[in-house]
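Asker: Got a structure for you, questions after.
The values are calculated or read from the model by the stated rules, or taken from the named source; none is laboratory data. What you see is a predicted model, and the numbers here were worked out from it, not measured in a lab. With ideal geometry, Cβ positions are generated from the backbone for all residues, glycine too; neighbour counts draw on all protein chains shown. What goes into the accessible areas is simple: the full protein's heavy atoms, side chains included, and nothing from ligands, DNA or RNA. Shrake-Rupley method; radii C 1.70, N 1.55, O 1.52, S 1.80 Å.
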Amino acid sequence: MNWDHIYAQAKQWVQEAGNKIRLSFDEILTIQSKTNPNDLVTNIDKDIEQFFIRKIREVYPEHKIMGEEGFGDKLVSLDGIVWMIDPIDGTMNFIHQQRNFAISLGVYENGVGKIGLIYDVVHDELYHASCGNGAFINEKPIPALKETTVKESIIALNATWVMENHRIDHKLMIPLVKDARGTRSYGSAALEMVFVATGRVDAYLSMRLSPWDFAAGTIIVEELGGLVTNLRGEKLNFLTQNSLFVAKPGLHQTIMKDYLKDGKW
Ligand code: IPD
Ligand code: CA
Ligand code: CA
């Protein structure tokens, strides 16, 4: 498999998709809700997912595709090469703010992360990594992550207090929120993951996300020495919804032990 070629191609498609999104800023959006009134999708989310699927099918017909808006394949395994696409991560921000959203695209081979791309369209910043070759913002290398303490950290979290299996009591988070230097919530899991990758925040916790939300970010964060697990400290399952806990090295272990009770909650 020519991974350099796939990497170059994926970057080009993401940039093209970003241009399409920028052009849509002057258009009137068609907005629908999905599972609940706040779970939104627009015609642009759908167009962008279909754009990627057309491109991938044209060049790599044997690859499989998991897309948030449902135009890809129904996957029952991660065998082979799988593209995991979130055409717009942060759709609510896209609709309300026209910023704070990103395109997220991860490519996996037999469940192992190979290429991750997260494109902050408004800032024209493409965060990308290929496994073992470092991570970058546009052409600039991102330095490896350094350890930090809870007291000196900014923690990003989601106020979606619905856990993967409804067993978490959100009070579990209170001591961490109290002890950290500050908390943030940006509304795009993909951006929050690259904020950990770039050290803008030190950790990110979320109760329930889907594989397309964290597929690309996992590759980028791990490439820089960060740790990515669920809130119990376990490996993520890329076929189902998961909780998510992303943090700098050292900080991940500390939060896991001192605040998340080593997953025994
Ligand atoms: C959402 C964003 C948000 C997170 C939600 C996701 P979407 O993705 O990542 O930050 O809290 O759980 O569903 O729907 O905008 O692609
Ligand atoms: Ca998403
Ligand atoms: Ca989305």
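Asker: When you look at Arg208, is it at pLDDT 95 or above and either assigned by TED's automatic domain parsing to the domain that holds Ile220 or not polar (S, T, N, Q) (or both), yes or no?
Answerer: So Arg208 fails the test.
Asker: For Val107, state whether it is more than 23 Å from Lys34 (Cβ to Cβ) and within 16 Å of ligand 3 (Cβ to nearest atom).
Answerer: It is false that Val107 is more than 23 Å from Lys34 (Cβ to Cβ) and within 16 Å of ligand 3 (Cβ to nearest atom).
Asker: Sticking with this structure for a sec: Where in the range 179-265 are there strands (runs of 3 or more DSSP E), lying fully within it, with 3 or more residues that are within 16 Å of ligand 3 (Cβ to nearest atom)?
Answerer: Correct list: 203-209.
Asker: Check off (1) over 23 Å from Leu239 (Cβ atoms); (2) touching a strand residue (DSSP E or B) at 6+ places or on another chain (Cβ under 9 Å); (3) among the small types (Gly, Ala, Ser) for Ala190 and give me the number that stays unchecked.
Answerer: If we test Ala190 against (1) over 23 Å from Leu239 (Cβ atoms); (2) touching a strand residue (DSSP E or B) at 6+ places or on another chain (Cβ under 9 Å); (3) among the small types (Gly, Ala, Ser), just (1) comes out false.
Asker: So, one more: Please specify each residue of the range 4-28 satisfying the condition of being open to solvent by 30 Å² or more (accessible area, probe 1.4 Å), more than 17 Å from Asn100 (Cα to Cα) and of a type in the set (A, V, I, L, M, F, W, C).
Answerer: Ala8, Ile28
Asker: Within the range 222-247, track down each residue that is closer than 21 Å to Ala102 by Cα and either in contact (Cβ under 8 Å) with a residue 60 or more places away in the chain or open to solvent by 40 Å² or more (accessible area, probe 1.4 Å) (or both).
Answerer: Glu222, Glu223, Leu224, Gly226, Phe238, Gln241, Asn242, Ser243
One line per residue, one yes/no per condition, for (1) out of contact with any helix residue (DSSP H, G or I) (no Cβ under 7 Å at 6 or more places or on another chain); (2) under 23 Å from Glu109 (Cα atoms); (3) assigned by TED's automatic domain parsing to the domain that holds Val121; (4) basic (Lys, Arg):
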{"site": "Lys20", "(1), (2), (3), (4)": "no, no, yes, yes"}
{"site": "Leu29", "(1), (2), (3), (4)": "no, no, yes, no"}
{"site": "Lys34", "(1), (2), (3), (4)": "yes, no, yes, yes"}
{"site": "Gly67", "(1), (2), (3), (4)": "no, yes, yes, no"}
{"site": "Gly72", "(1), (2), (3), (4)": "no, yes, yes, no"}
{"site": "Asp79", "(1), (2), (3), (4)": "yes, yes, yes, no"}
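Asker: Test each condition in (1) open to solvent by less than 30 Å² (accessible area, probe 1.4 Å); (2) within 12 Å of ligand 3 (Cβ to nearest atom) for Lys46 and report the one that comes out false.
Answerer: Unmet condition: (1).
Asker: Regarding the range 100-112, can at least one residue be identified that is free of Cβ contacts under 8 Å to residues at least 24 places away in the same chain, closer than 18 Å to Trp212 by Cα and hydrophobic (A, V, I, L, M, F, W, C)?
Answerer: The answer is yes; a qualifying residue exists.
Asker: Further question on the same structure: Can you find a residue that is more than 16 Å from ligand 3 (Cβ to nearest atom) and under 26 Å from Glu223 (Cβ atoms) anywhere in the range 15-22?
Answerer: Yes: the range 15-22 contains one or more residues that are more than 16 Å from ligand 3 (Cβ to nearest atom) and under 26 Å from Glu223 (Cβ atoms).
Asker: Let me ask something else. What number of residues within the range 11-45 are aliphatic (A, V, I, L, M) and more than 15 Å from Ile85 (Cβ to Cβ)?
Answerer: Selection size over the range 11-45: 5.
Asker: May I ask you to list the residues in the range 205-225 that are within 14 Å of ligand 1 (Cβ to nearest atom) and either aliphatic (A, V, I, L, M) or touching a Phe, Trp or Tyr at 6+ places or on another chain (Cβ under 7 Å) (or both)?
Answerer: Answer for the range 205-225, where residues must be within 14 Å of ligand 1 (Cβ to nearest atom) and either aliphatic (A, V, I, L, M) or touching a Phe, Trp or Tyr at 6+ places or on another chain (Cβ under 7 Å) (or both): Leu205, Met207, Leu209, Pro211, Ala215, Ala216.
Asker: Also: Within the range 177-196, can one find any residue that is open to solvent by 20 Å² or more (accessible area, probe 1.4 Å), at pLDDT below 95 and either touching a helix residue (DSSP H, G or I) at 6+ places or on another chain (Cβ under 6 Å) or under 28 Å from Gly70 (Cα atoms) (or both)?
Answerer: Within the range 177-196, none of the residues are open to solvent by 20 Å² or more (accessible area, probe 1.4 Å), at pLDDT below 95 and either touching a helix residue (DSSP H, G or I) at 6+ places or on another chain (Cβ under 6 Å) or under 28 Å from Gly70 (Cα atoms) (or both).
Asker: Here's something else I'd like to know. Can you tell me which residues in the range 76-96 are small (Gly, Ala, Ser) and surrounded by fewer than 17 Cβ atoms within 10 Å (Cβ to Cβ)?
Answerer: Ser77, Gly80
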